[in-house]
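Undergrad: I have a structure here, written as structure tokens, and I will follow up with some questions on it.
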Ligand code: ATP
Ligand code: MG
Ligand code: MG
Ligand code: MG
């Protein structure tokens, strides 16, 4: 059974053999792209090559790209621990053609790698194409011999990718693996498609058109290819597992989490271990790429992920900080492929330890307050906004942490009320500032500004360029 490390190598060497330059993953903080919170797909580092703004001495590339989807348009944070296939941090394997080969070669590459090198049974695979993309459907039929009912035509934006409102765009094709009828779910496009039986493993984007301000489009001169396959998803199926979290690498982290909390990996705490394993990866890689916990922007997303993990560790009964003790297991698993992890190991451990030590001072009391509030509420009622705000303001509970904590009770938070309480505090801070130049007042203002800035990350929702659709 191949390990995730072996699968990553097989992928890269397959495309290297086929004339692709093996390019390093770019950092999680995109260079020169303030509109994008984190690198969320393989194409991000190649954007300027697709638009023709930049050229390099290769026209084909292959990467294993570090991705984080925990903010902005692509936000999988709430899925983590609960679906079989989502992480906040994952590796996206990709092959790219910059005005070189197109559909008629990209599809055969993917098919050959999956069914020959990875030896996946053909009858487990099915694909979607954009409903008007006869070309792609024809290539699939010819190359893979798939029957019509396993080439599913989808009319939605799931199968049409665009870089932004203008610029390169085009249809895409998604490859799905059928994990078998013992798992609930229907094929893509059906009413049960949200189930976990048919799992998307690979997305091939055909950059075919260029879109203009007035809504018109024309054929791109240089048509390009951008693909992305989740390493953890292909890994799960090649290891005979249904769930990403049962792959060798994730399993090692889950066991480490069980170890440091003296609990069972598969007992009732399993969901906590899954969340911890996932969040350990995203926080460690973000720290390695220079993001530090803070109260706004990227740093606040990092802090939110950390604190979520810390609550789950707390639920497992951890009394002392534990996150930093998991870092060696992560370095063992991933340090060879990503040396930056090794270089930053001490920093990662120190930062996690400090953050968890600090958060522990209020976590306990905050959770008790939350329990008291819940006792007072009628069944099913949402947590009032002021309570959520108090947890945020006094106990350092990010809103999404409170929502995560309420998840098992089936309750939500009155988010409008939370926003109103936040706005009220902002207004008060402004009022006390005006007309006063006292140093003391200024200190209050800076405190408040720090807290208020905590919501600024919402501004990244406007990100214009994303990776795969
Ligand atoms: P899904 O529909 O399952 O959420 P997606 O269509 O959003 O996936 P893409 O944007 O097409 O995903 O990304 C390319 C590939 O990256 C996917 O086919 C999948 O294998 C992988 N992938 C995407 N999101 C995640 C995630 N949160 N965790 C792990 N792998 C992912
Ligand atoms: Mg998605
Ligand atoms: Mg999809
Ligand atoms: Mg997709």
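Just so you know, all these numbers are worked out from the coordinates, no wet-lab data involved. Small disclaimer: the values here were computed from a predicted structure and weren't measured. Cβ coordinates were reconstructed from backbone atoms using ideal geometry, including for glycine residues, and neighbour counts include every protein chain displayed.
Undergrad: Over the alpha-carbon set of the range 190-305, divide Rg by the Kirkwood Rh and report the Rg/Rh ratio to two decimals. Don't jump to the answer; show the numbers that get you there.
TA: On the way: Rg = 20.0 Å, Rh = 17.9 Å.
Radius of gyration relative to Kirkwood radius: 1.12.
Undergrad: How far is helix 103-112 tilted off the main Cα axis of the chain, in degrees rounded to 10, range 0 to 90?
TA: 80 degrees
Undergrad: Something else: How far apart, in nanometres, would the label points at residue 1 and residue 259 be if each is projected 7 angstrom from Cα along the Cα-to-Cβ direction?
TA: 1.9 nm
Undergrad: If I stretch the segment between residue 332 and residue 423 completely, what's the gain in nm (0.36 nm per residue apart, minus their alpha carbon distance), one decimal? It would help to have the intermediate numbers written out before the result.
TA: Working: separation 91, 0.36 × 91 = 32.76 nm, distance 4.56 nm.
Extra length available between residue 332 and residue 423 comes to 28.2 nm.
Undergrad: Next question. Given R₀ = 35 Å, FRET efficiency for residue 294-residue 22 by Cβ-Cβ distance, to 0.05?
TA: Result of the calculation: an efficiency of 0.50.
Undergrad: Mind sorting 292, 229 by how few other Cβ atoms lie within 10 Å of their own Cβ, fewest first? Write out the running numbers ahead of the final one.
TA: Working: 292 13, 229 25.
Ordered by Cβ neighbours within 10 Å, fewest first: 292, 229.
Undergrad: Here's a follow-up. Just to verify a number: FRET efficiency for residue 271 and residue 377, C-beta to C-beta distance, R0 = 22 Å, to 0.05? Walk me through the intermediate numbers first.
TA: Numbers: r = 24 Å, r/R0 = 1.08.
With R0 = 22 Å, the Cβ-Cβ based efficiency is 0.40.
Undergrad: Once both axes come from the Cα atoms, what is the angle between helix 385-395 and the longest principal axis of the chain, in degrees from 0 to 90, rounded to 10?
TA: The two axes meet at around 80 degrees.
Undergrad: Same structure, new question: To one decimal place, what Kirkwood hydrodynamic radius in Å is obtained for the chain from all pairs of distinct Cα atoms?
TA: When all Cα pairs of the chain are included, the Kirkwood radius is 23.8 Å.
Undergrad: Moving on. With each label point set 7 Å from Cα along the Cα-Cβ vector, what nm distance links residue 53 and residue 430?
TA: 3.5 nm
Undergrad: I've got another one for you. How far, in degrees from 0 to 90, does helix 248-260 lean away from the longest principal axis of the Cα atoms of the chain, to the nearest 10?
TA: Orientation of helix 248-260: about 20 degrees from the principal axis.
Undergrad: Let me ask you something else. How would 216, 173, 166 line up from fewest to most surrounding beta-carbon atoms within 10 angstrom? Numbers along the way, then the final one.
TA: On the way: 216 9, 173 27, 166 15.
Taking fewest neighbouring Cβ atoms as first place, the list is 216, 166, 173.
Undergrad: Once the piece of chain linking residue 79 and residue 156 is laid out straight, how much longer is it, given 0.36 nm per residue of separation minus the C-alpha distance between them? Before the final figure, lay out the partial values.
TA: On the way: separation 77, 0.36 × 77 = 27.72 nm, distance 2.21 nm.
That works out to 25.5 nm of additional length.
Undergrad: Rounded to the nearest 500, what is the chain's calculated 222 nm mean residue ellipticity when only DSSP H runs of at least 4 contribute -39500 (n - 2.57) each, over all residues?
TA: Details: 15 runs with 195 residues, N = 469.
Helices in the chain give a 222 nm mean residue ellipticity of -13000 deg cm²/dmol.
Undergrad: Now for a separate question. Using a 7 Å offset from Cα along Cα-Cβ at residue 124, what residues in the range 186-205 end up with backbone N under 15 Å from the label point?
TA: Backbone N within reach: 197-202.
Undergrad: What is the list of residues in the range 162-186 whose amide nitrogen lies under 18 Å from a point 7 angstrom out from the Cα of residue 134, following Cα to Cβ?
TA: Zone members listed by number: 171-172.
Undergrad: Now for a separate question. Can you put 376, 150, 411 in order, fewest other beta carbons within 10 Å first? All intermediate terms of the calculation are to be shown ahead of the outcome.
TA: Numbers: 376 10, 150 19, 411 16.
Going from sparsest to densest Cβ surroundings: 376, 411, 150.
Undergrad: Right, here's the next one. Computed FRET efficiency, Cβ-Cβ of residue 181 and residue 364, R0 56 Å: what is it to the nearest 0.05?
TA: Working: r = 46 Å, r/R0 = 0.82.
That pair, residue 181 with residue 364, gives E of 0.75.
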